[in-house]
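Enquirer: My questions all concern the structure below.
The values are calculated or read from the model by the stated rules, or taken from the named source; none is laboratory data. Nothing here was measured: the structure is a model prediction, and the numbers come from that model. Virtual Cβ from ideal backbone geometry, glycine too; neighbours counted across all protein chains shown. Just so you know, the surface numbers come from the protein's heavy atoms only, side chains and all, with ligands and any DNA or RNA stripped out. Shrake-Rupley method; radii C 1.70, N 1.55, O 1.52, S 1.80 Å.
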Amino acid sequence: MDHLSRGTLRLDQVRYAVLDEADEMLDIGFAQDMDRILRETPRGRQTALYSATFPGFIRRLINRHLREPVYIWSDDGQLETVEEVEQVYYEIAERDLETGLREILDQQVQEGQALIFCRTQVNVDRLVRGLSAHEYLVYGLHGGKPQRERDAVMKSFREGSLKILVSTNLAARGIDIPSITHVINYNIPDNVEEYVHRIGRAGRMGRAGTAITFVREWDFEMLDSIMEKVGDKLTRGKLAVSP
């Protein structure tokens, strides 16, 4: 983008455009940048777009920039959860989310390592502030953080000195840290594919893990979709603040 703005790069002769991890780029916050870069390339180019999920923006990107697209689904679109991951959901009111999370951290995670997923960057920052106020050592990870800070946080998490990481979907794929014992969906995923990718961060290399999902008053439709996929692997738990 810097080269384009300074006129030191021209894309008018590009014949092939490959956009990898399109949905992750969207989550990092590069939606407008992706759109502009593709607009700078010739309409006659060949475009290959790779994405694990297809949220609304990805569909709009396809409609704007691809002509007669061919869809290829790997593994026939079948995503599977691993048996080593215990899956539990808790029905909880919005106002009790942080209290319920602290109960999970204190009673279940304890000396383990937890990766907590929030839907937005704002939610990540808010939760980190709330947990820090209760003296938890926790850091947030999202696309709004400088790259150097993100790298340092991930290094601490991989080495095990950081036990609690709160993240957007930025950490849902491509992270292989066998020491993660708990994945916690503080905000329920937007689709089943996101759910499978998120909980796949636990139970790596044959180790046991636990995936916990909080279900608020308006999350039951998404819960039904997840349960259609995973069936009785996902069981209901009970918290002190559960209804």
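Enquirer: Taking the options 25, 1, 34, name whichever one is surrounded by 11 or more Cβ atoms within 10 Å (Cβ to Cβ), among the hydrophobic types (A, V, I, L, M, F, W, C) and in contact with an Asp or Glu (Cβ under 7 Å, 6 or more places away or on another chain).
Expert: Just one listed residue meets the conditions, 1.
Enquirer: Now for a separate question. Could you please find all residues in the stretch 141-156 being more than 16 Å from the chain's Cα centre (by Cα) and over 19 Å from residue 122 (Cβ atoms)? Don't jump to the end; show me each part of the working.
Expert: Of the stretch 141-156, the ones more than 16 Å from the chain's Cα centre (by Cα) are 146-149, 151-153, 155-156.
Scanning the stretch 141-156 gives 147, 148, 151, 152, 155, 156.
Enquirer: It is to be established whether one or more residues within the stretch 215-232 are small (Gly, Ala, Ser) and either buried (at least 22 other Cβ atoms within 10 Å of the Cβ) or in a loop (DSSP other than H, G, I, E, B) (or both).
Expert: no
Enquirer: Looking only at the stretch 188-199, filter to residues that are of a type outside the set (Asp, Glu), assigned to a loop (DSSP other than H, G, I, E, B) and over 14 Å from residue 88 (Cα atoms); which one of those is most open to solvent (accessible area, probe 1.4 Å)?
Expert: Top of the filtered list is 191.
Enquirer: Separate question: Of the residues that make up the stretch 186-204, is at least one of a type in the set (S, T, N, Q), in contact (Cβ under 8 Å) with a residue 60 or more places away in the chain, within 20 Å of residue 110 (Cβ to Cβ) and in contact with a Ser or Thr (Cβ under 9 Å, 6 or more places away or on another chain)?
Expert: The answer is no; no qualifying residue exists.
Enquirer: Provide a single number: the residues in the stretch 128-144 that are buried (at least 19 other Cβ atoms within 10 Å of the Cβ) and either charged (D, E, K, R) or touching a Leu at 6+ places or on another chain (Cβ under 8 Å) (or both).
Expert: Looking only at that region, the number is 6.
Enquirer: Would a scan of the stretch 202-213 turn up a residue that is modelled with pLDDT under 90, buried (at least 20 other Cβ atoms within 10 Å of the Cβ) and either more than 20 Å from residue 103 (Cβ to Cβ) or in contact with a helix residue (DSSP H, G or I) (Cβ under 7 Å, 6 or more places away or on another chain) (or both)?
Expert: Scanning the stretch 202-213 turns up at least one residue that is modelled with pLDDT under 90, buried (at least 20 other Cβ atoms within 10 Å of the Cβ) and either more than 20 Å from residue 103 (Cβ to Cβ) or in contact with a helix residue (DSSP H, G or I) (Cβ under 7 Å, 6 or more places away or on another chain) (or both).
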